[in-house]
Structure formats: C-alpha cells, structure tokens
There are 2 protein chains.
Amino acid sequence: MVGVAVIGYGVVGSGVVELLDKNSKLFEKKAGQTVECKYILDIRDFPGDKYEDKHIKDFNIIINDPEINIVVETVGGATFAYEYTKKALRAGKHVVSSNKELVATYGSELLAIAKENNVCYLFEASVGGGIPIINPLYHCLAANEIHKIVGILNGTTNYILTKMIREGLSFETALKQAQQLGYAEANPSADIEGHDTCRKICILAALAFGRHVYPQNVKTVGITNVTLDDIAKAESMGRVIKLLGSAEKKEDGTVEIFVAPCAIPKDHPLANIEDVFNGITVTGDAVGDCTFYGRGAGKFPTASAVGADIVDCIKGTEKSNIMWVDSDNAEFVRSFDKLELEYLDKEIVLLD
Amino acid sequence: MVGVAVIGYGVVGSGVVELLDKNSKLFEKKAGQTVECKYILDIRDFPGDKYEDKHIKDFNIIINDPEINIVVETVGGATFAYEYTKKALRAGKHVVSSNKELVATYGSELLAIAKENNVCYLFEASVGGGIPIINPLYHCLAANEIHKIVGILNGTTNYILTKMIREGLSFETALKQAQQLGYAEANPSADIEGHDTCRKICILAALAFGRHVYPQNVKTVGITNVTLDDIAKAESMGRVIKLLGSAEKKEDGTVEIFVAPCAIPKDHPLANIEDVFNGITVTGDAVGDCTFYGRGAGKFPTASAVGADIVDCIKGTEKSNIMWVDSDNAEFVRSFDKLELEYLDKEIVLLD
C-alpha cells in the first residue's frame, strides 16, 4: 500500500482525494499496488465532508508517518507550501504539486533537494491543467533540441478574449462574466496581468532549456489594455489576439521569453483554441511543431495530472525525475531591451 | 555506453541513425550515458553511405554482441520483423519499433515476451509519427478511465481529403498529386483503404482498454469512394469529411471500434487538422477531451519518437513497460452488426 497525504483541500486537492477514491482500481492496476489517501491537511474545517476521518491539522503527523510515501501539495503560493515541500522531501517523501508559483520561484532548489533525498518532485499539474505537457516535453521529446514553446496557458484570459472576439464584449464586461461563472477570481490580477501565464512559461522554459528562469526576468504584459479596436485591427489582418507565453532559444544561446497579447494568423495552431481551453505548441529540431490542447484548469482535469505523477512516483524514481539547474539569468535570458519583437500597436505583439 | 543496432535502413531507420549522431550530447544528457549506433542491418547495400562502417548483413552479430542493449526495428511488415523482434527480446535486448503492422498483429505476444525477459518493447513511433501519444495515453492519463479515442491517423489520406475540400480536386487527381510529392506510395492501398489507420486505432484501443484488438475485427472503410458531392453535402451541414479511427468503451463493456470517412462539425477539435498532419483526441473521465497534433510521419518526426523510447529503455525498464493482454475479440469488440453509427450517406459516418 502506498500512502498519500493531500495538503490543501481546495478545488484541486479535493479533486485528487475524490479521484483516488473513485478510480482506486485503476491506480492499483497502473501502480502495481493500492494507493490510498490517508490524510488531508487544511487549516479550515470541513464538517460533514465525506472524508472527514482523514482530516488533520498537524503537518508533523504526515512527516512522522512512515506509511506516507507521497505528499500532494495543492496549497498554492510560495510561503507555507515552500516550507512543507522542503520538509516532506527531506523526510524522504515524494512530493507532487500543482503549484506553479512555487515551482517557478523555487523549482531548481526543490528539484535539487528531491535528488539529494532520492525522491521525486513532480508537477505535471502546474502547467496546462489536465493536458499532459511536462512529461511529453521532458521525456517524449527527449531526442529533440527544443527551439521554441508558445502557449495559451491561462484559461481565464482566453475566455475573456474569446468573448471579446466572438461577441464583441468589452474587456470589463467579459471579465465580469468570467467572474460570475467562477472562471476568474474576485481579485483577477494574477490572471489578467499575465503573471499566471508568466510562471507557466518559466516552468516550460526551464524544462526545455535546462536552466531556471525567474519570472521577474520575463517581460510580462497582460490583457487589461486590449480593446475592441485592437481586435478589429487584428481581424482586418486575418489575425486573432491571444495572450501567449513564448520562450525561444536564439542562435546566441540566450532565451527570448515574454508574455503578451499576440496577434496571430487565423491558421496558427493556437488560433482556434477558445474559451477556457489551453494549448501549447512545442517546436523541436526533429519533431517539428507539436501541439497539445485541452482543459487547462478545473477540479478533475488538474487532479488527472496529479494522479499521473502519483503513479510515476511509485513506478520509478530514477526514470521520473526532472532536473534543471539554477542559474543567474543575466546571461541566459535576453534582457527586455534585446527582445526582437514586432508590434501591432501598443504592447500587442505580432507573431507568426 | 549503450549500444544500439538499427534494423531496416529506410526512411525511419536512417533518420534514427542520423538523429543519434546529430543529437548525441542530448542523448547522453537525457539517458545519463552515451548512446551509440553500432550496427545497421539491411539486405540492401548502401555504397558511400556516411555510416558505411556500421553496415552488416547478419542478424546474429547483433544477437551475439553483449554491447548491443537496444534493437531498433524499422523493417516494417509482420514477417522478418516478427522473427527479429522475438529473437532480440529473448536475447535480453530492448526493442524499439515504428512498425504498426507488427504491433497491431502480435503486440500482446511480443509484450509478454518482453516482460518474461525483463526488457522493454516500446513503439511510440508506431502511431502518430513524432506526436507523443502512446506514452501520454498510457502514462500521463494513467489516472483516467479512458472513454474514447478518435484520431486522424494517416497523413496520406488527410492530404488527399484536404486537397478535395480546399481545391475541389477529385480523389484520383489528389491521389496522383500525393504520389508525386512522395506522400503516397506507388501502391497506396494500405493508406487509402484505411488499413494503416486501422492498425493504429487497434494499438491505441489496446493501450486504453487493456486488451489486444485484432484489425480483422474492425470495420474498415477507406476514402476511395468519397466524392466531391459528399464533401459538398457535408459542407452544407457545416461539416468536413475526415478519415477517422474511433474506439469507444460502451456501457456494456464492449468497445465500438471502426475506421471510416466521417463528417464532423467544423468546430470539432480534429476539423482543422489538415494536409499530412495527424491529430488524436482522447476522452478520459477526469481530464475530459485532450488533443495532440503534429507531424504523423516523416523521417525525423518518426525518429524523434524512436529516440524517446531509446531513452526510456535506458532509464527504467519497470517504469516504461506497457502491458495489455491477449483476448478473444468475440466478447470484447462489438461485432459489425452492432455498431451504432449514423450515416451521411453511403459509408460516410456522421460523428459529433
């Protein structure tokens, strides 16, 4: 039996607990042994919850229980989650995470701690929700020099832009609609200002190019200034506007990375990815362009990605491990003034 | 050092040899040791070939050389390749294959032999060329009950249909053009009659549902009877015609599987995948729909998939292994008379 502790019982955490329960036979078949959620840690109370007997408040119970092999971190943020993750890895437990902020901020350090302790730190769920992208990029395209990654990595902003394009809604009205539907948070700034997309493109860039990319070194423009006039102008050129994260290895060895609304041709592989869907196009020297798309967020899609990482932890530490090195971004990431971008106008990038 | 022998020096085989050479540093980094092609086996001579010193004619040299850890089988067909594969696996060598006919015909037997001998039999390149689909389906979506797989799995027929739809060419003219461009073979029947697609959907169905599906139990209709009238009729309904392989788990536990030209709505995830590109949509209970697309054939895209499997063989037998059981398809695969399909007319399926 493999024991799992889930820390953070929000949308994703509760999805993981339910999925482990619902698809328990499948986990047993794929992992070769039963997989059971033993503890749920959250500071909040959940009276009447189906899994009430599993709820605990003390993280040390998890650390000190030799039956816990895997800690699922769905806390979010880079404070408590950072401490929990380090402690769990140092206690010899695999950690599976959906926390893009933590991975983008401390990924190289946490991967090194995992390696020292011969455990896995996996985070398929941190980018693209349920879409398999981290494992395909790192393992399935292992034989490729990766040249470029471009993606629609945030469902909220893609929903807002889709509504602006398809229905002519203003940014403000579309945002309000997204909030009413639960796609955007009350404070939507991490989404609409591009920070969420930035964390995700940093993670993908680190996987592809082998060195940590710090979000503060990435030029990040959100969609708050995109107007219906911009959309009409793009349309007149046969283009649509999408918020993209882009990372490209240049001939001088630097990585050109940015987040911005981009006007892309209508036959671009990402042009038809609408609503809350995410899509990522990876360009490798052997494979050419390869595109992945699906639900980039949500309870069960994200739990699906966590579940795959749980199975990976069980089946083989060595095989599953990801590695990138920490780096001074000064020489590795192109500085803002050296980005070779063309603009539609304002800060909307023209991208082919 | 890991020694590789490539058997079959055609388009894919020569791509693998070149990729191992060109990206040797990448292979070393990903696999943790150097990977070298030591032998190339082909009945033909290649005088002046860049890798002439590696060419051999006797398969026993490979079998008897303890330095050969991995045999890459890009021979094709299910006769010589079948014997070579069994011998290599029994000699304790991993086998990596791009041979869909062999996997679709003898997959369960070869997987069992691999397991007995504690080696891998991997075949990412057998479906979708360079697109990572087998590993994502089997490993990355491990936490999902897979409900359905639908795919454009053959580039030749997708090219022909694209030309008919976009340029109004007749089937015969479009086929001739595909042959001139090298997309279709002189004898194109395996492609245009749907057999190639059939083998690939059989492999995906076996991976998703755990039991071998024999091609002869799959209703297979090609595109030879698709006319410009059919395309116009589909267009009038807001649809396009694509040759699809489809496999769906039904509530009674049977799998409904078929290959046919299908009229799909223009907003279907596969509707915009054109020319020689392939695309596959997988539906899982947790992830929902997830689509993968890219180059489904060609020298380097296919070599990219072989390369990933080579790295997987080196990094971890246990983790990488795929397994499905042999099965009498009588109870598992829906018989032809029980397929619940709607038709546009003739044998063109209406699919949403």
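Just give me the residues in segment B:294-341 being in a helix (DSSP H, G or I), surrounded by fewer than 19 Cβ atoms within 10 Å (Cβ to Cβ) and among the aliphatic types (A, V, I, L, M), in sequence order.
B:Ala330
Select, from A:Ser335, A:Ser246, A:Ser327, the only residue that is touching a His at 6+ places or on another chain (Cβ under 8 Å), more than 14 Å from every other protein chain (Cβ to nearest Cβ) and not hydrophobic (A, V, I, L, M, F, W, C).
Numbers: A:Ser335 fails: touching a His at 6+ places or on another chain (Cβ under 8 Å); A:Ser246 fails: touching a His at 6+ places or on another chain (Cβ under 8 Å).
Selected residue: A:Ser327, the only one of A:Ser335, A:Ser246, A:Ser327 that is touching a His at 6+ places or on another chain (Cβ under 8 Å), more than 14 Å from every other protein chain (Cβ to nearest Cβ) and not hydrophobic (A, V, I, L, M, F, W, C).
What are the residues in segment A:18-73 that are within 14 Å of chain B (Cβ to nearest Cβ), touching a residue at least 60 places away in the same chain (Cβ under 8 Å) and not in a strand (DSSP E or B), if any?
Residues satisfying the conditions are A:Glu18, A:Leu19, A:Leu20, A:Asn23, A:Phe27, A:Lys30, A:Ala31, A:Gly32, A:Gln33.
Could you list, in sequence order, the residues of segment A:294-310 that are at the interface with chain B (Cβ under 7 Å from one of its Cβ atoms) and touching a strand residue (DSSP E or B) at 6+ places or on another chain (Cβ under 8 Å)?
Keep residues of segment A:294-310 that are at the interface with chain B (Cβ under 7 Å from one of its Cβ atoms), which gives A:294-295, A:300-301, A:303-304, A:307-308.
Hits for segment A:294-310 are A:Gly294, A:Arg295, A:Phe300, A:Pro301, A:Ser304.
Can you pull out the residues in segment B:251-293 that are touching a residue at least 12 places away in the same chain (Cβ under 8 Å), within 7 Å of another protein chain (Cβ to nearest Cβ) and out of contact with any helix residue (DSSP H, G or I) (no Cβ under 7 Å at 6 or more places or on another chain)?
B:Asp289, B:Cys290, B:Thr291, B:Tyr293
Taking the criterion of being open to solvent by less than 10 Å² (accessible area, probe 1.4 Å) and closer than 30 Å to A:Leu110 by Cα, would at least one residue in segment A:213-236 satisfy it?
yes
Could you say which residue among A:Thr156, A:Thr85, A:Thr74 is under 13 Å from the mean Cα position of the chain (by Cα), among the hydroxyl-bearing types (Ser, Thr, Tyr) and open to solvent by less than 40 Å² (accessible area, probe 1.4 Å)? Spell out how you get there, then give the answer.
Working: A:Thr156 fails: under 13 Å from the mean Cα position of the chain (by Cα); A:Thr85 fails: under 13 Å from the mean Cα position of the chain (by Cα).
So the residue among A:Thr156, A:Thr85, A:Thr74 that is under 13 Å from the mean Cα position of the chain (by Cα), among the hydroxyl-bearing types (Ser, Thr, Tyr) and open to solvent by less than 40 Å² (accessible area, probe 1.4 Å) is A:Thr74.
For every residue, the table says whether it meets (1) of a type in the set (Asp, Glu); (2) within 20 Å of A:Cys202 (Cα to Cα).
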| site | (1), (2) |
| --- | --- |
| A:Gly77 | no, yes |
| A:Phe80 | no, no |
| A:Glu83 | yes, no |
| A:Ala88 | no, no |
| A:Gly92 | no, no |
| A:Ser97 | no, yes |
| A:Lys100 | no, yes |
| A:Val103 | no, yes |
| A:Ser108 | no, yes |
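Please work out which one of (1) open to solvent by 50 Å² or more (accessible area, probe 1.4 Å); (2) within 14 Å of chain B (Cβ to nearest Cβ); (3) among the small types (Gly, Ala, Ser) is the condition A:Gly15 fails and give its number.
With respect to (1) open to solvent by 50 Å² or more (accessible area, probe 1.4 Å); (2) within 14 Å of chain B (Cβ to nearest Cβ); (3) among the small types (Gly, Ala, Ser), A:Gly15 is out only on (1).
The values are calculated or read from the model by the stated rules, or taken from the named source; none is laboratory data. Computed from a predicted model, the values in this text were never measured in an experiment. Glycine gets a Cβ as well: all are built from the backbone with ideal geometry, and neighbour counts include every protein chain shown. Side chains included, ligands, DNA and RNA excluded: accessible areas come from the protein's heavy atoms. Shrake-Rupley method; radii C 1.70, N 1.55, O 1.52, S 1.80 Å.
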